[in-house]
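Undergrad: First, the structure itself, so that you have it in front of you.
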Amino acid sequence: MSNKLRRIALTVNGEAVEREVPVRLNLVDFLRHELGFTGSHVGCEHGACGACTVLLDEQTVRGCLTLAVQADGCAVRTIEGAGENELMVDLQAAFHRLNALQCGFCTPGMLFSAQELLQANPAPSREEIRDYLSGNFCRCTGYQAIVDAVQAVAQMRHGARHGGRHGAPGP
């Protein structure tokens with residue numbers, strides 16, 4: 001890693017942060033090792049598995065492919081700071097209720113991707129959910145329960161806005 005350092009200032013989970021970092025330090029390592037936000041995981045380190053997904057200015061990014069210096073001046077949200085968003089609260093509850101998590105390694109990336117999908121498309125089909133989450137690898141659940149959880153939240157939220165049921169469908 002390069003010895004060249006750069007001072008960055010960003011907001012992480014609503015808190016201002018300033019640090020001097022190596023210019024080649026990736027964002028997920030910065031979050032985990034410098035700031036202690038270990039909810040974002042390091043998996044493949046090639047951007048393929050989605051375990052390192054975080055929000056950068058409200059857009060999902062792969063933390064292993066994003067340098068910490070690229071986040072200078074930006075707002076970063078990790079899974080530890082995601083609970084302030086009502087949609088994320090609903091997704092987390094549905095993942096828990098419908099057993100859409102096991103080891104939890106992929107869960108932060110799955111949740112952020114599901115949130116991004118439902119913000120763009122409040123009523124996705126099961127095929128659209130599967131397609132959108134296809135960049136996040138899960139070795140435990142087989143995806144069925146994850147798709148069920150995302151679909152349950154979509155139906156609950158979309159139905160509530162359009163005169164439908166006010167509770168999420170059961171398993």
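The values are calculated or read from the model by the stated rules, or taken from the named source; none is laboratory data. Because the structure is predicted, anything quoted here is derived from the model rather than measured. With ideal geometry, Cβ positions are generated from the backbone for all residues, glycine too; neighbour counts draw on all protein chains shown.
Undergrad: Of the residues Thr78, Thr53, Thr60, only one is under 24 Å from Ala154 (Cα atoms) and touching a Lys or Arg at 6+ places or on another chain (Cβ under 7 Å); which?
TA: Thr53
Undergrad: Across region 140-171, what is the number of residues that are hydrophobic (A, V, I, L, M, F, W, C) and modelled with pLDDT under 65?
TA: 2
Undergrad: May I pose another question? As an exercise: evaluate Asn99 against (1) of a type outside the set (A, V, I, L, M, F, W, C); (2) in the same structural domain as Thr141 (by TED's automatic domain parsing); (3) in a loop (DSSP other than H, G, I, E, B); (4) within 13 Å of the chain's Cα centre (by Cα) and give the number of the one condition it does not meet.
TA: Every condition holds for Asn99 apart from (4).
Undergrad: For Gln92, state whether it is touching a Cys at 6+ places or on another chain (Cβ under 6 Å) and assigned by TED's automatic domain parsing to the domain that holds Gly142.
TA: no
Undergrad: Select from region 75-96 the residues that are touching a residue at least 60 places away in the same chain (Cβ under 8 Å) and outside any helix (DSSP H, G or I) and write down the one among them that is surrounded by the fewest Cβ atoms within 10 Å (Cβ to Cβ).
TA: Across region 75-96, the extreme among qualifying residues is Ala75.
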